[in-house]
Amino acid sequence: MSPNPCSAHVAILGAGIIGLACAWELVQRGAHVTIYDTQTPGRGASWAAAGMLAPAFEAAAEDGAHPRLFDLCMESAALWPGFAASVSRASGRDLGFSPGPSLALAFDGAEAAGLHRLSAALTRHGVASDLLLPEAVWDIEPAVSRGVHGALRLPTDGQVDNRAIVSALIEALGAHQAVRFVTVPAPLEDRDGRLCIEGHDMILAAAGWNTAAIKVRQNGEDFSLVNWDTALDEIDCYGGQMLSVAREPGLPTMTLRCGSIYIAPKPDRVIIGATMEPGRATLAPDEDTIAELRAEAARLCPAIAYAPEVETWAGVRPGTLDHAPLIGRTRADGLFVASGHYRNGILLAPVTAKIMADAMLDGKTGDLAAAFSPARFAAATA
């Protein structure tokens, strides 16, 4: 039986966008939450992201992705306006939220063919998009290079200022009487086969690619959390490098995509990203890689070549083999997980929070949520 939501005490391990969003949803439903993170809250992968909310471009075009990832992304995109409004009201912050549209660009025949494939995939899903000729592209976004062959307008794909939403969640949660932030490792222990933290009814692992580093005390010794559910060992690290330039006249004002490159204008900067480097856990950007990113972005928008550089950085995303998160109850009694969101952590935060609150407080798991259970990896390797 699930605990009464008004008396449930939940321990969340990890203060990134997923842990913070889950905490927000849980306290809205009456739960008490303790958030454990030894690092500065929100300063991991969530801070290093660009705030892309791109269900159509990311999920529909991703080779090898979980077959229902697109559905999950679209459901979360639909939740974002309400989620952003509630966090903005509570914190008094402008989150830089824009529901769309964005433009996916093509500069050669292969890229144009890719846009047609994406358009066809979206049509199969019943999602609107518009193929545009160059003249229409320049009318919408004059900063785009005159070498563009065409574009696909994606009404569903927008963005948010990722640093603003993380900061707003931290502020709103910090002011909530039912929330505590704790900066020491969670005192997780095995008691007769159940994972426990004193004073809490349930535990949610939301530590991203550091999940395997979470320790459990058993019989006086510390062991990795993955020993209690081997599916957690499927969460791997995917490095990414990015840069930002000053927001100046002549730079793009809407989100642009082309292959693996994106350009995301924020109120005070324009973010350019991002590499995808499996197994890279280094937080130091590489000068040559950053130069290549900037050159590729300048191919899309020539003015980027001359804009003053503001910042360069590297982050580490948590991902799985099917590019989809682990969401739900684990094999370990008392433990739930929400991790492995790959490139879509910001996008998937609201739907992940809803799924976790439904499961933890109401004992409910719908068909879509069940598709992302960690049990899918156990089934695949059995």
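The values are calculated or read from the model by the stated rules, or taken from the named source; none is laboratory data. Predicted, not measured: the structure shown is a model, and the values here were computed from it. We place every Cβ from the backbone using ideal geometry, glycine too, and count neighbours over all the protein chains shown. The area values use the complete protein model at the heavy-atom level, side chains included, leaving out ligands, DNA and RNA. Shrake-Rupley method; radii C 1.70, N 1.55, O 1.52, S 1.80 Å.
Observations
- Here each label is just a point 7 Å from Cα along the line to Cβ, and for ARG43 and GLU287 those points are 2.6 nm apart.
- Linear extension gain, TRP138 paired with SER224, 0.36 nm per residue minus alpha-carbon span: 25.6 nm
- 20 Å Cα-Cα reach of LYS266 towards lysines, excluding residues that sit fewer than 8 places from it in its own chain: none
- Heavy-atom accessible surface of the chain: percent carbon and sulfur, 1.4 Å: 51 percent
- FRET efficiency for ALA305 and ALA128, using Cβ-Cβ distance with R0 set to 35 Å, rounded to 0.05: 0.55
- Remark: accessible surface ordering of GLU58, GLU171, GLU25 (largest first) is GLU171, GLU25, GLU58, probe radius 1.4 Å.
- Accessible surface, the stretch 278-369, averaged per residue in Å² (probe 1.4 Å): 40 Å²
- The gain in end-to-end length when the GLU248 to LYS215 segment is fully stretched comes to 7.2 nm, 0.36 nm per residue minus the alpha carbon separation.
- Mean-position separation - Cα centroids, the stretch 307-334 and the stretch 237-261, in angstrom: 19 Å
- Per residue, the stretch 4-122 exposes 37 Å² of solvent-accessible protein surface, assessed with a 1.4 angstrom probe and all protein chains in place.
- Surface accessible to a 1.4 Å probe, ASP94 within the full protein complex, Å²: 130 Å²
- The length gained on full extension between PHE181 and ARG29, counted as 0.36 nm times the residue separation minus their Cα-Cα distance, comes to 52.9 nm.
- Kirkwood hydrodynamic radius over Cα pairs of the stretch 265-348, then Stokes diffusion coefficient at 20 °C and 1.002 mPa s, in µm²/s: 139 µm²/s
- Selected from GLU287, GLU296, GLU135 as most flexible by GNM, with the chain as the system and alpha-carbon contacts under 10 Å: GLU287
- Relative contact order, percent, the chain [alpha-carbon distance under 8 Å, six or more residues apart]: 24 percent
- Once the 1.4 Å probe is applied to the protein heavy atoms, the stretch 192-259 comes out at 42 Å² accessible per residue.
- The chain: DSSP helices with Cα axial extent of at least 27 Å and average Kyte-Doolittle hydropathy no lower than 0.0: 69-91
- In the context of the full protein assembly, TRP313 retains an accessible surface of approximately 20 Å², using a probe radius of 1.4 Å and ignoring ligands and nucleic acids.
- By a 1.4 Å probe calculation restricted to protein chains, ARG247 has an accessible surface near 90 Å², given to the nearest 10.
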